[in-house]
Structures are given as structure tokens and as C-alpha cells.
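Here the structure comes first, spelled out in C-alpha cells, and everything after it is commentary.
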Amino acid sequence: MKILAIHNYHRKGSASGDDQVFKAETRLLEEHGQTVIRYTVSNDEFDAKGPLGKVFAAFGMLWSFKNYRAVRNLVRREHPDVVHIHTFFPLLSPSVLYAAKRGGSRVVVTLHDTRFVCPVATSLRDGKICNACGDGHYLRMVKYGCFKDSHLQSMLVAGIFKYHRIRQSFYNQIDQYICLNDNQIQLLENIGFDSTKIVKKYNFVPDEQANIKVNVPDALPKRYVVFYGRIGAEKGIRVLQRIWNEIDDIPLVVMGSGPLEESFRRWAESRRNVFFLGYMPHEQCMAIVKGAEFVVFPSIWYEGCSMVEIETESMGKPLIATNLGFSAEAIQNGVNGYKVKLNDFVGFVNKVRELWNDSNLCRRMGIQARIDYESKYTAEDSYQQLMAIYTRTTKG
């Protein structure tokens, strides 16, 4: 089968989940003998432009003629069996959906976030869950400055999504939606998406990383808890700080980078039991996670299919996470980890202490986490599901 895979990378070297998934899935398809043609752009292109260039690029978010022509020509020349689009915002724009369909291809889109419901893609406003714009009245974004805390940029994004809502771009130009969890499916169905075109498929992580040897820097304690991921508000960094403000006897190792990195570093330096390592290369990060007792993940937004969580399970480590989005169905309370209600800081503190103080319970949960990984998140299972989706789509 020939697949045209399309993706808008965040930035060079990004560890973002959708970037990881795009690389992993396209590589997986090729390893199984499928033909993959990649068409990608990166937000680095936007960053490199001058002020005037950024203005023109911003309007290109509505309709990118450059990427429309490139994808249309690729489809006409290569005749792919299916076009699989991951992230198309901001630079690719919805124009690539039209380019694929007008070229006669069937279109599959993986929804890595809630952008079809919330144009900002986070379903967050002022740190709280918000899906109000699912009704199509996007101008409320301007009132609250939802997009990058800018009223002007929010107006631009609202206009883009209103235009494509009127044109029904996200309804008519896509043959199959791949959702990553049940919550995503419900959100789409609630705003009128065709349930017959929606399928759920989890992400995967290679099993090889489960065999990574523990490699812990000498400066770290022998026992510790880990948080790793983007150092941003949506990942629950402020929640994590509030939790460890109440815990002074359990070591926490934090790895990652992001917009709140500097303020978090200052806070960590004031805590004798918090060790902030900043960005770590993936393999080194996994070697440290492998040595942890468990992973804490107090995200405050709808995680799609968190790579952090399935990586953690692949290494046989339990999770304590917010009962929201993917975590709500990935974790069985008391089996492979614990779920805590959103913003229940006391609940997080109690579960961290409970798991820390019971090594046998921690080991049992870790075994169950590994079993859960093997049943849901392996590469081979993901490949079979992906090919079944492609086959069903092409026959539709």
C-alpha cells in the first residue's frame, strides 16, 4: 500500500507527542514493507521569517496556496492509496485536506488534540476545561484572548475556524477520523461529527526501550518519583508544585523543558527534595524513569494518548495521574496506578505517600502496568489496526 503521510512539526528537535507519533508510525509502516511518502513542514519556517513574512504566513493559516499546490501535485504524481494527515495547523492549513480530496484520494486524519472542538487545541481557558467553542461561536475567543493571550491573534484564528466551519471542511473533506480515546469521540459526536467515520486507535511505543538499563546520575537519591514532559501549564506543572509544597520527604526528579521552565527551576532550587534536570535526551530520560518508583502526571487538559503514560507502562512503572482524558480510561484505580480528580491536591498528596510507603504495592502495580502495555500499546498491534483503518477507508 502507498501512503502519503502529512504533518506540521512543532519545531526542530521537538519532543511533542504528535511529532513522535508521526515519526514512529511512518517508520513502522516502512518496516512492514509499505510505501510511505512524507510531506512535512516545521514551525521553524515561521520563526525564521521577518515581521512582514510572519504576517503573510499568519494569513496562510486560513489557506496555504503553497502547500495546497504541493500536496495536489504529489497526489496526482504518486497516486497514493490513502493520505494520512496528522497535524496541519498552523502552516499546512486545511487546504491540504482539499488538495488530497480533489486529487481523488481518501483522507484519514489523526486527532492528536481537541482542535476541531477548541481552535486553541487545549480545551483550556484560565486553567479550566472549556469546550464552549464547539458550538461554532468562535468570537468568544477574542473576548478572552484564548490564542496565545492575544485578542488580535485570537480574532485571526476565530475567523479561520469560522470560515472552515461554514465550508464544513472538517466534516466533508475527511473520510476517517482516528481518535485516541473515548473522550475525544464523545466531544466530536456532541458537535455533530459522523460517528460512522470515527475510530479509536491508541498510540504505541517500541518495546525495546523497556530493556533500557537504569542509569541514574550520582547526584540523585537512590529512591525517587519522576515527572517528565513539557514544562507547561497544561501538563499540570503548577499542580505538581502545589503537591510537593506539601511533601518535603519524598524526592521528586523532573525532566523536560517548556514555557514555565525558568520559574519552575527557581521553585525547584528552593526545595531540597526536588531535582530539576531540564531537557534530557530521550534515552537518558528513559534510563532515569526506569529507576523511579513511579511516575506522577497531574495534567489538567485532555491528554490524547499520552506518550509519557504508555512509555511509563512499557517500563513496568505505575502512574498517578489526573482522572481526565486518556488517563481516565488508561488507569484502573489500584491496579496499574491511581486516578485523582482534577485539582484534588490533597488526593494527589495522599496517593503519592501511599505508593511511596508501600514498595510491594508499587511493584504489583508496576507488573500490571506492563501487562496493560502489552495488551494495548505495542507496535505490532498498532500496525494491524492502522492497516485495517486504511483498508476500510479505501474500500469506503
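Descriptive notes on the structure:
- Total residues in the stretch 36-50 satisfying the condition of being of a type in the set (Ser, Thr, Tyr) and over 11 Å from Tyr9 (Cα atoms): the figure is 0.
- Residues within the stretch 100-132 that are of a type in the set (A, V, I, L, M, F, W, C) and touching a Ser or Thr at 6+ places or on another chain (Cβ under 9 Å), tallied: 7
- Boolean, Gly127 is under 26 Å from Thr393 (Cα atoms) and open to solvent by 20 Å² or more (accessible area, probe 1.4 Å): no
The rows are residues; the columns are (1) open to solvent by less than 20 Å² (accessible area, probe 1.4 Å); (2) not aromatic (Phe, Trp, Tyr).
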residue	(1), (2)
Tyr39	no, no
Asp44	no, yes
Lys49	no, yes
Gly53	no, yes
Leu62	no, yes
Asn67	yes, yes
Ala70	no, yes
Asp81	no, yes
His86	yes, yes
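- Filtered residue count, the stretch 326-351, keeping only those that are buried (at least 24 other Cβ atoms within 10 Å of the Cβ) and either on the phi < 0 side of the Ramachandran plot or modelled with pLDDT under 95 (or both): 7
- Taking the stretch 1-62 and the helices (runs of 4 or more DSSP H) fully enclosed by it, the elements with 3 or more residues that are more than 24 Å from Pro259 (Cα to Cα) are at 17-31, 51-59.
- Some residue of the stretch 242-249 being open to solvent by less than 30 Å² (accessible area, probe 1.4 Å), more than 26 Å from Val340 (Cα to Cα) and in contact (Cβ under 8 Å) with a residue 60 or more places away in the chain: no
- Among residues of the stretch 9-33 that are on the phi < 0 side of the Ramachandran plot and touching a residue at least 24 places away in the same chain (Cβ under 8 Å), those with a Cβ under 6 angstrom from a residue that is in a helix (DSSP H, G or I) and surrounded by fewer than 20 Cβ atoms within 10 Å (Cβ to Cβ), sequence gap 6+ or separate chain, pair up as Arg11/Asp44; Lys12/Asp44; Leu28/Ala379; Leu28/Tyr383; His32/Tyr383.
- Exactly one residue out of Ile367, Ile371 is open to solvent by 20 Å² or more (accessible area, probe 1.4 Å), of a type in the set (Val, Ile, Thr), out of contact with any Phe, Trp or Tyr (no Cβ under 6 Å at 6 or more places or on another chain) and free of Cβ contacts under 8 Å to residues at least 40 places away in the same chain: that is Ile371.
- Total residues in the stretch 194-217, condition in a loop (DSSP other than H, G, I, E, B) and of a type outside the set (Asp, Glu): 12
- Counting residues in the stretch 155-164 that are aromatic (Phe, Trp, Tyr) and more than 30 Å from Met280 (Cβ to Cβ) gives one or more.
Yes/no matrix, rows are residues, columns are (1) free of Cβ contacts under 8 Å to residues at least 60 places away in the same chain; (2) hydroxyl-bearing (Ser, Thr, Tyr); (3) in contact with a helix residue (DSSP H, G or I) (Cβ under 8 Å, 6 or more places away or on another chain):
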site	(1), (2), (3)
Arg72	yes, no, yes
Glu78	no, no, no
His84	no, no, yes
Leu92	no, no, yes
Ala99	yes, no, yes
Gly103	yes, no, yes
Arg106	no, no, yes
Arg115	yes, no, no
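- Meets criteria (in contact with a Ser or Thr (Cβ under 8 Å, 6 or more places away or on another chain) and either at pLDDT 95 or above or open to solvent by 20 Å² or more (accessible area, probe 1.4 Å) (or both)) for Val75: yes
The values are calculated or read from the model by the stated rules, or taken from the named source; none is laboratory data. Being a predicted model, the structure only gives us computed values, none of them experimental. Please note: Cβ atoms are built from the backbone with ideal geometry, for glycine as well, and neighbour counts cover all protein chains shown. SASA here: full protein model, heavy atoms, side chains in, ligands and nucleic acids out. Shrake-Rupley method; radii C 1.70, N 1.55, O 1.52, S 1.80 Å.
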